[in-house]
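Let me begin by presenting the structure, written as structure tokens, before commenting on it.
The values are calculated or read from the model by the stated rules, or taken from the named source; none is laboratory data. This structure is a prediction, so every number in the text was calculated from the model and none was measured. Neighbour counts are summed over all protein chains in view; Cβ atoms, including those assigned to glycine, are modelled from backbone coordinates with ideal geometry. Accessible surface is based on the protein model in full, side chains and every heavy atom, while ligands, DNA and RNA are left aside. Shrake-Rupley method; radii C 1.70, N 1.55, O 1.52, S 1.80 Å.
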Amino acid sequence: MSRLQRRYIYANLEKIDNLVFAYGIDQSDFVHGIKRLPDNLVSLVGVDDEQHAVNAHTGLNVINDENDIRRFLLQTHPNQVKWMDYDEVGDLDFLTATEIAELLYLGHMNRPIRSPFNYKLRNHYVFLEQRNGGIKFYFYYISAFSHVLNASIVRHTLAAYHGRRMFMRTIRVPRVPEPIIKQLVQLMADGLFIYFDQSMVRQRQLLVPVHTEVANDDIEVFDPARNDEGQHTHNVATLKFNFVTSVWELQVHDQTAFEDHL
């Protein structure tokens, strides 16, 4: 996951499937962002470790304990992590052979044959880590992603602060106010970039460029490894955080970018 050190957030929303393709967002942002952790997780990559139980009906690893789930989501994994939540411990036992095959297909191909949300499992999330360091994240309620985005911005802001040796004191970074998050989420349909690695500090304020993609490339096309994304993006705003007052602000440069979305 070393590419995540590039320190920017990318988020693109495909509204039909409630799919977010993201980069610079990780499982810790999910843990710290959502209001309540899932009760149960099932791995979509088969039996990938010996630490967690195996559901006999599906042959897949499952995690059913809250502390184990939190630990699993916060720890670093050597292989790609792909999981789905489900409601009750026994729900997996009611899946047909076809439905089990669809779960395996989802984990292998990174896309569902039908809906990513199974009515028997009553799941709200599907998390699919990608080879290029990005993630595909399906949300039953897309509003839940705004909390994950918020947690990620806070994490990146703290990293930007600690990365500047001019600041010695410890600070607390509050969550971004809801109106600003809603504005940023509006940009996701056009591919939202928040460039922390291009940020600067002026008058004790962190100034972070906010861009959107110039061309609406297909959600599958974006490659965070490329070095020329700046040529394909358009600066629409600046996200500001005041290190003294702990106040967030979004200075809009292109009002049209925030219109006629979601």
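Fully extending the segment from E178 to N235 would add 18.4 nm, taking 0.36 nm per residue of separation and subtracting the current Cα-Cα distance. The modelled label-to-label distance for the pair Y105/R204, using points 7 Å beyond Cα in the direction of Cβ, is 5.8 nm. For the range 95-178, the calculated P(r), taken from all Cα-Cα distances in 10 Å bins from zero up to the bin holding the longest distance, is 14, 32, 25, 17, 9, 2 percent.
A simple spin-label model places pseudo-atoms 7 Å from Cα toward Cβ; at R7 and R114 they are separated by 4.7 nm. Just going by the charge dipole of the chain, with Lys and Arg at +1 and Asp and Glu at -1 on Cβ, which of A22, F241, T96 is farthest out on the positive end? It is F241, whose Cα lies furthest towards the positive end.
The angle between the Cα long axis of helix 143-162 and the main principal axis of the chain comes to about 50°, on a 0 to 90 degree scale.
Quick one: divide the alpha-carbon radius of gyration of the chain by 2.2 N^0.38 Å and tell me what you get. Numbers along the way, then the final one.
Values: Rg = 19.1 Å, N = 262, 2.2 N^0.38 = 18.3 Å.
Cα-based Rg divided by the globular estimate yields 1.05.
Here E88 sits with roughly 100 square angstrom of accessible surface, probe radius 1.4 Å. Normalised by the number of residues in the chain, the average gap of Cα pairs under 8 Å and 6 or more apart makes the relative contact order 20 percent.
For the range 92-187, applying the loop criterion from DSSP together with a ceiling of 12 other beta carbons within 10 Å to the chymotrypsin sites (Phe, Trp or Tyr not before Pro) yields Y119, Y141. Label separation (Y140 vs D93): 2.1 nm, computed from points 7 Å beyond Cα along the C-beta direction. Loop only by DSSP, 15 or fewer other Cβ within 10 Å of the Cβ. Give me the trypsin sites (Lys or Arg not before Pro) in the range 35-128 that pass, ordered by residue number. Passing sites in the range 35-128 are K35, R36, R114, K120, R122.
The accessible-area ordering, largest first, of the residues I142, I25 stands as I142, I25, per a 1.4 angstrom probe.
Summed over the residues of the chain and divided among them, the accessible surface reaches 50 Å² per residue at a probe radius of 1.4 Å. Note on the range 9-75: Cα convex hull, mean projected area over all directions, 5.8 nm².
When the chain is treated as a Gaussian network with alpha carbon springs shorter than 10 Å, the biggest mean-square fluctuation among N118, N12, N79 belongs to N79.
If you place +1 on the Cβ of every Lys and Arg, -1 on the Cβ of every Asp and Glu, and leave all else neutral, what size is the dipole of the chain about its Cα centre, to the nearest 20 Debye? Kindly include the intermediate steps, with their values, before the conclusion.
Numbers: 26 positive and 33 negative charges, 288 e Å.
Dipole size: approximately 1380 debye.
What FRET efficiency do you get for A189 and V54 if R0 is 41 Å and r is their Cβ-Cβ distance, rounded to the nearest 0.05? My answer for the efficiency is 0.55.
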